[in-house]
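No value in this document is a laboratory result; all are computed from the given coordinates. Values in this document were obtained by computation on a predicted structure and should not be read as measured data. Because the Cβ atoms are built from the backbone with ideal geometry, glycine has one as well, and the counts that use them run over all protein chains shown.
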Amino acid sequence: MVLQPSDAVEQTSYIRITSEAEFKESVTADGDYEITFDTTATVALTPDAAEKLYRMLGARIPELRRLAAAISLN
């Protein structure tokens, strides 16, 4: 069973954030990690969600770099 905060919102969205995007980060009064990417998006993650995202990205970065290199060669 997954527990969610009572104020959590589930939403499916697609945004593209490039490496050139300016971002700001902070920790909210509730202890969430919040990242704002220009005016495109603001993401607030609980500590557990931030850690999970960190692990997931770390595992995928080598594959993403390989795919990007293969695409740039074409």
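Some points to look at:
- DSSP-loop chymotrypsin sites (Phe, Trp or Tyr not before Pro) across the chain, with at most 16 other Cβ within 10 angstrom: Tyr14
- Note on Cα Rg over 2.2 N^0.38 Å: of the candidates (1) 1.07; (2) 1.12; (3) 1.35, the value calculated from this structure sits at (3).
- Residue (of Thr39, Ala29, Pro62) at the positive-pole extreme of the chain, dipole from beta-carbon charges: Pro62
- Modelled spin labels at Gln11 and Arg60, positioned 7 Å past Cα toward Cβ, are 2.0 nm from each other.
- For the chain, the 222 nm mean residue ellipticity estimated from helices alone, with every DSSP H stretch of n ≥ 4 adding -39500 (n - 2.57) and the total spread over all residues, rounds to -13000 deg cm²/dmol.
- In this simple spin-label model, placing a label point 7 Å from the Cα along the Cα-to-Cβ direction at both Ala70 and Leu45 gives a separation of 2.6 nm.
- The GluC sites (Glu not before Pro) of the chain meeting both criteria, a DSSP state outside H, G, I, E and B (loop) and at most 12 other C-beta atoms within 10 angstrom of the site's C-beta, are Glu10, Glu20, Glu22.
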